[in-house]
């Protein structure tokens, strides 16, 4: 059955772009258009859709305001945000995920820059928003029974992608302030959005959260989120473990890539790396963890299929046989804390 879509945007040009992309896929059809949040609210009171594509910045009622209004009136809608890259737009996008939006995509700088990669990514997120499960090749999945090692200097390294910003809000705020390890996070996001994500997570969490900067000293009890558009790595510089960035090519089609982060830890002084893989398309992180395991002790936690927006990245690492625990999202923070301990 064809999925019915509502598109909400005050730009006629963007509405046309979105309609053309959606209607080119026979699984979907744009049933209605709205010029702002107020018009969309009137439509959603009487009509249901499989997915709503929602602009962030609009007159009368913006995207965030619409989500709040829908929540207040208990009107259910599956929403993907169509976001501008301004600082305000990125902050509101992160807040929209808290209010129930499934995921977001950054608008192209102009319609002419909407290339095939953008269209592919747009349709991937729309499919997930509309409840279409992404079917991927299933190989054998085995959990290796290794016990948690007490003591030593540990580090947590987490990878996430599609559905990740929302998933991280159910993991990082549940970590204790006195976590006995630093945490590095690679979340596939554009520049600006990663800073807004870090600030929002910091405001919700007991543990300190920041967008990682070049030269940051890596300290326990702090979460470092990779800046969008660059590869985050960790290395011993001047006798201390620090963050540094590189502009190497994309890997698995993404930048930052978790594979680079994991591999940068191969020669680190940590006694164990707690590798955590959450929801996401593709397999970023798997090659890096496999390479890391050749030189370091690792403890691997993967999100389970039922709680993943997309069971790509967690499935890929689970199929290697390196995973110690496969868990629902609401149990991952506790598993990390048990592995690395508190101070």
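Every read-out reported here was derived from the displayed coordinates using simple, explicitly stated rules and does not represent laboratory data. A quick note: this is a predicted structure, and the numbers were derived from the prediction, not measured. Quick reminder, even Gly has a Cβ in these numbers, built from the backbone with ideal geometry, and neighbours come from all protein chains shown.
Quick notes
- Pairs of Cα atoms farther than 16 Å apart, segment 241-343, %: 58
- Helical contribution to [θ] at 222 nm, DSSP H n ≥ 4, -39,500 (n - 2.57), averaged over the chain, rounded to 500: -8500 deg cm²/dmol
- Inter-centroid distance (Cα atoms) of segment 65-80 relative to segment 81-160, Å: 21
- Evaluated at q = 0.07 Å⁻¹: base-10 log I(q)/I(0), Debye formula over Cα of the chain: -0.29
- For the chain, the longest principal axis of the C-alpha atoms and the axis of helix 12-23 are separated by about 70°.
- For the chain, built as a Gaussian network whose Cα springs stay under 10 Å, the top-fluctuating residue of 89, 215, 288: 215
- Relative contact order (%) - segment 3-129, alpha-carbon pairs under 8 angstrom, separation at least six: 23
- The alpha carbons of segment 218-258 give a radius of gyration and a Dmax of 11.4, 33 Å, in that order.
- Taking segment 254-287 and a reference point 7 angstrom along Cα→Cβ of residue 248, the backbone N atoms nearer than 13 Å belong to 254-267, 285, 287.
- Each part reduced to its alpha carbon centroid, segment 27-56 and segment 302-318 end up 30 Å apart.
- Viscosity 1.002 mPa s, temperature 20 °C, Stokes-Einstein D of segment 268-312 from Kirkwood C-alpha radius, µm²/s: 188
- Compared with the dominant Cα axis of the chain, that is its longest principal axis, helix 193-204 is turned about 70°.
- Calculated FRET value between residue 109 and residue 330, using beta carbons and R₀ = 41 Å, to 0.05: 0.60
- Packing order of peptides 262-273, 177-188, 22-33, highest average first: 177-188, 262-273, 22-33 (average count of other Cβ atoms within 10 Å over each peptide's residues).
- The stretch between residue 237 and residue 290 holds 16.6 nm of extra length on full extension. This uses 0.36 nm per residue minus the Cα-Cα distance.
- Full extension of the segment from residue 306 to residue 31, taken as 0.36 nm per residue of separation minus the current Cα-Cα distance, would add 96.0 nm.
- Its Cα gyration tensor gives segment 198-266 an equivalent ellipsoid; the semi-axes, largest first and in whole Å, are 20, 16, 9.
- Likely footprinting exposure, 19, 274, fewest C-beta neighbours within 10 Å first: 19, 274
- With all projection directions averaged, the alpha carbon convex hull of segment 111-200 covers 9.5 nm².
- With Cα atoms, 0 to 90° folded angle of helix 63-72 axis to the chain main axis: 90
- Quarter the surface of the alpha carbon convex hull of segment 154-340 and you get the mean projected area, 8.8 square nanometres.
- Our summary gives the chain a relative contact order of 15 percent, counting only alpha carbon pairs under 8 angstrom and 6 or more residues apart.
- Our estimate of slack between residue 150 and residue 219, defined as 0.36 nm per intervening residue step minus the Cα-Cα distance, is 22.9 nm.
- What the Kirkwood sum gives for segment 3-129 is a hydrodynamic radius of 14.2 Å, with every pair of different alpha carbons counted.
- Relative contact order of segment 169-267, defined on C-alpha pairs under 8 angstrom at six or more residues apart (%): 28
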